[in-house]
Amino acid sequence: MWHGFPLRPDQASTIARGVDHLYYFLTAVDLFFTALIFLTIFYLAVKYRRRKADERASQFSEHLPLEILWTAIPMGLVVVMYLWGSSLFIRNSRPPTASTEVFVIGKQWMWHLQHPEGVREINELHVPVGRPIKLTMTSEDVIHDFFIPAFRVKKDVVPGRYSSIWFEATKTGRYHFFCAQYCGAYHSHMTGWVDVMDPVAYQHWLSGAIKGGSMAAAGAQLYQQFGCITCHGTGKGPSYAGLYGKPVLLSDGQTVIADDNYLRESILDPSAKIVKGYTAIMPTFRGQLTEEQILQLIAYIKSLGNAEGSLGKP
Amino acid sequence: MSTATVEVPQAPIESRVHYLNKSYGVKSWLLTTDHKRIALLYLVSITFFFFIGGAAAVLMRLNLIEPTGALVEPATYNKLFTMHGIIMVFFFLIPSIPAVLGNFLVPMMIGARDVAFPRLNLLSWYVFMTGGLMVLYAVLSGGVDTGWTFYTPLSTAYLNTHVMSAALGVFVAGFSSILTGLNFVVTIHKMRAPGMTWFKMPLFLWSIYATSIIQILGTPVLAITLGLVAIERSFHVGIFDPAVGGDPVLFQHLFWFYSHPAVYIMILPSMGVISELITAFSKKRIFGYSFVAFSSVAIAVISFLVWGHHMFVSGQSVYAGLVFSALSFAVAIPSAIKVFNWTATLYKGSVSYDAPMLYALGFIGLFTMGGLTGLFLATLAVDVHVHDTYFVIAHFHYIMVGGAVMGYLGGIHFWWPKITGRLYPDGWARFAALVIFVGFNLTFFPQYMLGYLGMPRRYAVYPPEFQVLNVMSSAGASILGIGYLIPLVYLIWSMRYGPVAGPNPWGAKGLEWEAPSPPPTENFEEPPVVTEEAYAYPDADAPASAEG
């Protein structure tokens, strides 16, 4: 890197290098054609400058092979760009199955992050180096966007649903994260740091930071407190055991995967999808549970058996 | 403009009746149905809006000299970029070439007396001004901070600023755009002079025609979308806000369904102007006429199918991303075809470097850079990183300022002698073109680098490592600002003191150059009959004819 005047951010994730390579390719194509057009214009404008006021131009103005050539070359190039960019995008969109999940809630104008062990952070995210981390994100108010330039990842954080990104940090250090979607007065203050630590230091930090129980434990408590147990623990409602990530057969014959967004919807809008064999008797919990509590309940359901390999909706 | 008794003895301008001196007084302008006078009404109005929007940009660039914000509070900064965006997009760029040059030239280029619906044309200006005044009211009464994109649920449920008057102002101005488009489509279909077939039309008309189609088809969607924003904001009907059962991403689909084609409303007319300038100042037929003409139509059609590339990180599915990425690459092809054909037009031409030509050559260079960096944004994996950063800001300013505004200024300089009957000082005009080119690149090139480094857009404060590039950009903006002021001075000066131009100072082809400068109200003394194709400049390879 060019010190003092960098041309790219730190390459600190497994995704960054691949994105940069594609970026260099695009830059090379861009520079080549910019130079080609600039030099050609300059050369032609000087060579064929008007020398006499009544000078005439040669009216050569049609050449089909040329038209075909300069249609075909850009077409070929954009096909390469498309295939390269798309395959990389598909790969970068899929979190590895063994990812550690961290939950992110955006609100005007701060980031609230929570680890499965229950540790909460504000505008700061500690992660171990070399381990895939999946962020499951939602917003309490308007649309935000979680952007970590050094990792080359970004995704809108939308109220009313979960979105996710993943990364695997490759270098310890502190890296900026930004809110990249304009969200009101203090949008530009909605920033923070990712602290990438070596695994030993991370474990040390984590054990020092844990105060209460894990997210799943907090969810288990909510399960009692809000009376979920009275139906879901007695067979009146579908059981949570082994539910997460499994296909669920609905009363209308459709099948859905029990992912984060499905569980969220089933808590807030229970009659949207009815599990086959059950009736729509569950009341909505909209307005009674905070975003954090919903995530804790989902973490609890997840802890009761988990079909590995299934993913949340992208 | 109403000073008739100027003492220029040799001037035939004052002794002859033309559209400028036919009648005097405020009423004769505010109630005119002459397309040329309406063009001037627009010219004055959008110049006013341009300098308001520009002032907002100057304040933004001043603020960004310091990482902590040198000038204003974040809330004020948000109002500045909102005002800059709304005014520049809806009240300068969209009406710029169609409503000023299009109004003046469409009837003249096809040999008609006026547009098809002259009174509707005047109504369009009043509708436009009503919308503009509503937005100005929003600005003066405290401002609005939605961003020009009005994203929900921020705009509908979380802001206490003057969102309603700004949104309704844009809503109202949209009707002006629809009516102008409608007027041009009918005019081009029905009022062409005898012999003016579709493929004899100057390419400016092809691009205005393609633009008009987008205006007619796209703008109603924007109107509906802003109407829904107003309904949700006033009556709390759940359309976009998930807290009341709406879908915030639906707004983005609707908004970009208009606002992406709107980019082509801004750039297509400029491309048309460039085709006129390149041919006139190389005394040459355009290279590949039909390829340039059909690429305008192709751009207009494809432009309706690419809106999803604004939403690659919005939570749209991976598959939707793949489709919109492919379609976005497709729109690059007709744009590339245009650039290659313009460049090839210079080959074996007789190239002069008058001010309009400098703008045209500047356009090709800057549009090439803007278009090529668009490929980065169509490329999914790279867009994820640069989306919502300064890279995007740099890209669309290369298209809209480097492209659309350069084309507009080139066109104004080219047809100014026709519009006013007078010449401006060419040295100053070339100097201004150079200052604008240099200032522009210094302002916006550093923003590409800022974007890849990760600086998000719409940030009032930023981490200190981004300061050097921000200071460079602000320095460039001050040069660019001066560049824009110079033409304002000499063009106004030339209206009174410029040398008399004569009907065709550039020796250009096209029906508008056969009419006197300034043209009479009815444009042509007799209806012209068209026998030759567009750009029929004399051929060096053919034996000299009588007209040589």
Legend entry - Net charge dipole size for the range A:215-303 [Lys, Arg +1 and Asp, Glu -1 on Cβ; Debye, nearest 20]: 260 debye
Inset, instruction - Provide Rg over Rh for the range A:100-209; use the alpha carbon set for both Rg and the Kirkwood Rh (inverse mean inverse pair distance). - result: 0.95
Legend entry - Euclidean distance between Cα centres, the range B:359-415 to the range A:184-210, Å: 38 Å
Legend entry - Inter-centroid distance (Cα atoms) of the range A:36-75 relative to the range B:55-106, Å: 36 Å
Inset, instruction - Let me have the relative contact order for the range A:79-123, percent, based on Cα pairs under 8 Å that are six or more residues apart. - result: 22 percent
Inset, instruction - Can you check what the net charge comes to around residue A:113, using other residues whose Cβ is under 13 Å from the Cβ of residue A:113 (Lys, Arg +1; Asp, Glu -1)? - result: -4
Inset, instruction - Would you list, by chain and number, the lysines whose Cα falls below 17 Å from the Cα of residue A:276, excluding same-chain residues fewer than 8 positions away? - result: A:236, A:246
Inset, instruction - Positive end of the charge dipole of the protein assembly as shown (Lys, Arg +1 and Asp, Glu -1 on Cβ, about the Cα centre): tell me which of B:450, A:261, A:16 has its Cα farthest that way. - result: B:450
Inset, instruction - Taking a cut-off of 18 Å between Cα atoms, list the lysines near residue A:154, but don't count ones fewer than 8 places away on the same chain. - result: A:107, A:134, A:313
Inset, instruction - Return the lysines within reach of residue B:284: Cα separation strictly under 29 angstrom, same-chain partners fewer than 8 residues apart disregarded; answer none if there are no such residues. - result: A:47, A:52, B:36, B:190, B:200, B:338, B:348, B:418, B:509
Inset, instruction - Normalise the Debye intensity by I(0) for the range A:215-303, one equal point scatterer per Cα, no solvent, then take log10 at q = 0.16, 0.19, 0.23 Å⁻¹ and round to two decimals. - result: -0.58, -0.85, -1.32
Legend entry - Centroid-to-centroid separation of the range B:243-262 and the range B:176-203 [C-alpha atoms, Å]: 33 Å
Legend entry - Karplus-derived HN-Hα couplings along the range B:177-184 (A = 6.51, B = -1.76, C = 1.60, θ = phi - 60°), whole Hz, x at Gly and Pro: 5, 4, 5, 5, x, 4, 4, 5
Inset, instruction - Over every pair of different alpha-carbon atoms in chain B, take the mean of 1/r and invert it; report that Kirkwood radius in Å. - result: 24.1 Å
Legend entry - Rounded to 5, the percent of DSSP beta bridges in the protein assembly as shown classed as antiparallel: 70 percent
Legend entry - Sequence-distant residues sharing a close amide H with residue A:101 (under 5 Å, placed H): A:134
Inset, instruction - With runs of 4+ DSSP H residues as the only contributors, calculate the mean residue ellipticity of the protein assembly as shown at 222 nm using -39,500 (n - 2.57) per run, divided by the residue total and rounded to the nearest 500. - result: -17500 deg cm²/dmol
Inset, instruction - Quick one: compute the contact order of chain A, relative version, from alpha carbon pairs under 8 angstrom and 6+ residues apart, as a percent. - result: 16 percent
Legend entry - Extreme residue, positive dipole direction of the range A:215-303, given options A:228, A:216, A:285 (C-beta unit charges): A:228
Legend entry - Exposure proxy order (Cβ contacts within 10 Å, fewest to most) of A:134, B:284, B:418, A:52: A:52, A:134, B:418, B:284
Inset, instruction - Compare the Cα positions of B:133, B:88, B:115 along the charge dipole of the range B:1-153 (+1 at Cβ of Lys, Arg; -1 at Cβ of Asp, Glu; about the Cα centre) and return the one farthest towards the positive end. - result: B:115
Inset, instruction - Using the Cα centre as the reference, give the magnitude of the dipole from point charges on the C-beta atoms of the range B:236-362 (Lys, Arg: +1; Asp, Glu: -1; all else neutral), rounded to the nearest 20 debye. - result: 680 debye
Inset, instruction - Work out the FRET efficiency for residue A:54 and residue B:531 from their Cβ-Cβ distance, taking R0 = 30 Å, and round it to the nearest 0.05. - result: 0.85
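Counting alpha carbon pairs within less than 8 Å and at least 6 residues apart, what relative contact order, in whole percent, applies to chain B?
Working: 918 pairs, mean separation 98.4, N = 548.
Result for chain B is 18 percent.
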Inset, instruction - Might you report the magnitude of the Cβ-based charge dipole of the protein assembly as shown about its Cα centre, with Lys and Arg at +1 and Asp and Glu at -1, to the nearest 20 debye? - result: 520 debye
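Any read-out appearing in this document is the output of simple, stated calculations on the displayed coordinates, not a laboratory observation. Because the structure is a prediction, the values reported are computed rather than measured. FYI the Cβ positions are ideal-geometry reconstructions off the backbone, even for glycines, and counts take in every protein chain you see.
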